[in-house]
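The values are calculated or read from the model by the stated rules, or taken from the named source; none is laboratory data. As the structure is a prediction and not an experimental result, all values here were calculated from the model. Every residue, glycine among them, receives a Cβ derived from its backbone with ideal geometry; neighbour counts consider all protein chains shown.
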């Protein structure tokens, strides 16, 4: 199987350097899948007129030919067009005015044309038509994809902070266990089964504030792509989904920034042109600790000190027409500390991520786009607290150094080859200690993950697109290799109705142990000789259509079976092998999702509904009887609306209804005491998660007022948000109170109505 | 495809989904399990093995109601089996006099309980005996300790024991009021003891056999017996699971259990004791 990886590497090199050596000649003459020689090639970048920032996912279309392309993560596109014809090319992207231009290519000619899109009405060649990005998504062969722009993130209600995870949780198929958990449970998968990338760097626990917020600063984000299932061969190492977040490159023309003050934290962003590129820096910090100290509450109520911060930076340089480099970094820390002088009640918890990436984007020729990415990522969680007179210490660290290379070869108007490889050097460390005793667990592993992939998007007709792919990967701690075939098919029945299907096998080499109620103390470990990698097969079938003008409707159904999934053993972790930490079992999930969306006009938003079934089975739990994991929600309905009242006011609202989460029924209890001391009653649970809490529902509202502050432009926004408008305190979990006789159960509830406000000023 | 028919299919699917998506809850049945509480001490007989059944969730725990009577209880050591006897008038308690079996450090004891066709077993590896090594100097010569409240800062003394049979051994103190007629010690402003009526209190676990004796360990005036315990690993796990499980950050779960086919504790300790007199100021 390693020969396949070698083959991928060879394909990569041949595709890249074989062409670059003689770029003066038409590429089509030298490869097996030649472009039609009667064609020319139009390529370039799509950019924002105000900042020069490249635009991801813009559509470049020639309507008369029913032919088009979508700009990639770097904003680049290449489109073969018939020679000798005058053609009108339209370029569009959500939130921008559609730009059109006539072009005429000669036989074999390659034209580089950077299209500049404007958010303002401009004179000249532009036509004033707002675009609908869902149309681009409808025509893409990729299933189950959702894209978000910063403007969408900013316009929706927030609980103190705008947050992309909160918005993603409103998408059908994305579940959560509680409103204070930002973990994404996608189509029956747990959060560890999602690959989360920030500018190509893997993040392992992208959460702040015990999971209440994600680590992504909304001011620094340029684009968010979520693939809920059936993801292509270029992604791997996870079973369920891919979330790819791209940070802004920065303004190429002007220096500007923004300052936002909120109830929980403040943010600041600065962008400025540097050389042939730009630099962006964004920072955010909470001041909960400062408020508690200033008001004296920390001392009078014995409250712990808590804060989080994060810092994003990105530096880009265009090195001529064919090369661009980018260096980006992220650092974030959460810290909770409590010390009242007694070791028995001392708590010190820290967790965070640091990541950095250096990427080189290179055009080997107009139709061959490549990206080389070297990334480093460090995740740590340190938990220290008093257990009586002993100190308990939990220390988990992950270092991930990865080299990725991706190559996209647009070989003809109906064929795009993608290939690449990844090499990752991990270092995992886990140390659990009580007092001065020898560690209960002391695990250090330095495995190497390797992967290679190849996929081909082939469009035999205007309606049909077929994308077969193959990914092969493995980890050095095991001798077996994952062979992951992928296939997706798209068929456009008519311009308003598209059918898509996808199949794939997926392998995962890292396991996560975490408490689903808090997404803070995550423990990641690589598979070893005692435990095989998690494996899934995914089947997705969907339609995408236009039921009414400006509306799109997507309906998808999926089935996913999983093997070697893990469940944390309930006792303290003792041992140095993965089988000491986890139970190993199997699972499946299937469901049906409806996503009705409106992206243009004064009213925008969506209605999402999902019906989902998720089960897990473990020999050690209820004798292999299937049970629903905590995040299994049978019904999940989300309504998200934004209305632009006038030039100054925008209002928004969200409503969520979901089936109650499963919990285990307490069937009895026993007295646990010590000699001559009664001790306390310990509950005994029956079948795991066999009952459900009451249904979850909540409504949030928001209003945003735009105004001018020391400027003749509307450069400031004041937002007021009301979280949980009708004050329905949802159930977090169920607690058994054995202090009562007989014992009673009570629902521990979540947040009441919570108004928050914030101010943002741009300069 | 006509638009209307297209969407009626989607609508029909949606309605069908809502109905098929209703699945019922599965109630779990209560199954009684044997609960064991037994602690062995070096140099002692087996004074009591407590046996109960678990209590159904809807019922109150009443010692006598769930005590297991008529159980077959055996202790095995060095290949020999010893049948335990029920303690007269104390339901669910079983014992073995010291004259029949004296618990010895360094040996492994196996408990087997059979009741109503259910058999539960457990093992403990008994620590070696310990002795308090600063008996003469740890306290004032008359061993009278004076305090007005149980404020932690009123007094502190250090009690040391040995030998250390295992570098990983953990230790604990048991403080027993021998005569509660002397009255309760007033609580200090550092908070009342939780077990206001209990006449036995336990310290936290310590990693070395040097225990700080401070005033908050005492609940009652009068004579108090300080038992210095060297714990086996079962007791340590039990203490962590049951005692510390209430800490929301604790990774220890109450399910940390060493009884096969049952619940509870079968543990042992090496020990020594010293008695002091707590006198009101």
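Have a look at A:239, A:243 and point out the one that is in contact with a helix residue (DSSP H, G or I) (Cβ under 9 Å, 6 or more places away or on another chain), assigned to a strand (DSSP E or B) and crowded, with 24+ Cβ neighbours inside 10 Å.
A:243
Consider residue A:270 against the criteria (1) buried (at least 16 other Cβ atoms within 10 Å of the Cβ); (2) part of a loop (DSSP other than H, G, I, E, B); (3) free of Cβ contacts under 8 Å to residues at least 40 places away in the same chain: it satisfies all of them except one. Which criterion is unmet?
The one condition residue A:270 does not meet is (2).
Can you go through A:396, A:367 and tell me which one is more than 30 Å from residue B:212 (Cβ to Cβ) and within 13 Å of chain B (Cβ to nearest Cβ)?
A:396
Yes/no matrix, rows are residues, columns are (1) closer than 29 Å to residue A:181 by Cα; (2) surrounded by fewer than 14 Cβ atoms within 10 Å (Cβ to Cβ); (3) within 14 Å of chain B (Cβ to nearest Cβ):
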| residue | (1), (2), (3) |
| --- | --- |
| A:669 | no, no, yes |
| A:680 | no, no, yes |
| A:700 | yes, no, no |
| A:711 | no, yes, no |
| A:714 | no, no, no |
| A:718 | yes, no, no |
| A:727 | yes, yes, no |
| A:730 | yes, no, no |
| A:741 | no, yes, yes |
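Residues that are within 33 Å of the chain's Cα centre (by Cα) and in contact (Cβ under 8 Å) with a residue 12 or more places away in the chain, at least 3 per element: which strands (runs of 3 or more DSSP E) completely within the stretch A:623-680 meet that?
By residue number, A:635-644, A:649-658.
Quick one: which of A:381, A:377 is more than 14 Å from chain B (Cβ to nearest Cβ), at pLDDT below 95 and crowded, with 20+ Cβ neighbours inside 10 Å?
Step by step, each of A:381, A:377 is checked, and only A:377 is more than 14 Å from chain B (Cβ to nearest Cβ), at pLDDT below 95 and crowded, with 20+ Cβ neighbours inside 10 Å.
Tell me whether the stretch A:483-506 contains one or more residues that are closer than 21 Å to residue A:375 by Cβ, surrounded by fewer than 17 Cβ atoms within 10 Å (Cβ to Cβ), free of Cβ contacts under 8 Å to residues at least 60 places away in the same chain and in contact with a strand residue (DSSP E or B) (Cβ under 7 Å, 6 or more places away or on another chain).
no
One residue is enough: does the stretch A:686-703 have a residue meeting the conditions under 30 Å from residue A:259 (Cβ atoms), at pLDDT 90 or above and not in a strand (DSSP E or B)?
No; the residues of the stretch A:686-703 include none that is under 30 Å from residue A:259 (Cβ atoms), at pLDDT 90 or above and not in a strand (DSSP E or B).
Anything in the stretch A:597-622 that is assigned to a strand (DSSP E or B) and under 23 Å from residue A:699 (Cα atoms)? List them, or say none. Write out each step before concluding.
So in the stretch A:597-622, the residues assigned to a strand (DSSP E or B) come out as A:597-598, A:603-618, A:621.
Result: A:597, A:598, A:603, A:604, A:605, A:606, A:607, A:608, A:609, A:610, A:611, A:612.
So, residue B:271, is that one touching a strand residue (DSSP E or B) at 6+ places or on another chain (Cβ under 7 Å), modelled with pLDDT of 85 or more, assigned to a helix (DSSP H, G or I) and within 13 Å of another protein chain (Cβ to nearest Cβ) or not? Walk me through how you get there before you give the answer.
On the way: touching a strand residue (DSSP E or B) at 6+ places or on another chain (Cβ under 7 Å): yes; modelled with pLDDT of 85 or more: yes; assigned to a helix (DSSP H, G or I): no; within 13 Å of another protein chain (Cβ to nearest Cβ): yes.
Answer is no for this residue.
For the stretch A:551-570, how many residues meet the condition of being at pLDDT below 85 and surrounded by fewer than 18 Cβ atoms within 10 Å (Cβ to Cβ)?
Of the residues in the stretch A:551-570, the ones at pLDDT below 85 are A:567-570.
Those left that are additionally surrounded by fewer than 18 Cβ atoms within 10 Å (Cβ to Cβ): A:568, A:570.
Selection size over the stretch A:551-570: 2.
Enumerate the strands (runs of 3 or more DSSP E) found wholly within the stretch B:172-241, keeping only those where 1 or more residues are at pLDDT 80 or above, under 28 Å from residue B:122 (Cα atoms) and within 13 Å of chain A (Cβ to nearest Cβ). Break it down stepwise before answering.
Details: elements: B:200-202, B:210-214, B:222-231.
Hits in the stretch B:172-241: B:200-202, B:222-231.
Please state which one of A:349, A:264 is within 14 Å of chain B (Cβ to nearest Cβ) and either touching a strand residue (DSSP E or B) at 6+ places or on another chain (Cβ under 8 Å) or surrounded by fewer than 18 Cβ atoms within 10 Å (Cβ to Cβ) (or both).
Among A:349, A:264, only A:349 is within 14 Å of chain B (Cβ to nearest Cβ) and either touching a strand residue (DSSP E or B) at 6+ places or on another chain (Cβ under 8 Å) or surrounded by fewer than 18 Cβ atoms within 10 Å (Cβ to Cβ) (or both).
In the stretch A:277-304, what count of residues is obtained for those that are more than 30 Å from the chain's Cα centre (by Cα) and either buried (at least 16 other Cβ atoms within 10 Å of the Cβ) or assigned to a loop (DSSP other than H, G, I, E, B) (or both)? Steps first, please.
Pass one, the stretch A:277-304, residues more than 30 Å from the chain's Cα centre (by Cα): A:290-304.
Going one step further and asking which of them are either buried (at least 16 other Cβ atoms within 10 Å of the Cβ) or assigned to a loop (DSSP other than H, G, I, E, B) (or both), we end up with A:292, A:296, A:298, A:301-304.
Count: 7.
Taking into account only those residues within the stretch A:743-763 that are within 14 Å of chain B (Cβ to nearest Cβ) and surrounded by fewer than 17 Cβ atoms within 10 Å (Cβ to Cβ), which is nearest to residue A:711 (Cα to Cα)?
A:748
For the stretch A:210-223, what are the residues that are more than 12 Å from the chain's Cα centre (by Cα) and closer than 16 Å to residue A:176 by Cα?
A:210, A:211, A:212, A:213
Answer yes or no: is there a residue in the stretch A:641-662 that is surrounded by fewer than 18 Cβ atoms within 10 Å (Cβ to Cβ), out of contact with any strand residue (DSSP E or B) (no Cβ under 8 Å at 6 or more places or on another chain), at positive phi and more than 8 Å from chain B (Cβ to nearest Cβ).
Checking the stretch A:641-662: not a single residue is surrounded by fewer than 18 Cβ atoms within 10 Å (Cβ to Cβ), out of contact with any strand residue (DSSP E or B) (no Cβ under 8 Å at 6 or more places or on another chain), at positive phi and more than 8 Å from chain B (Cβ to nearest Cβ).
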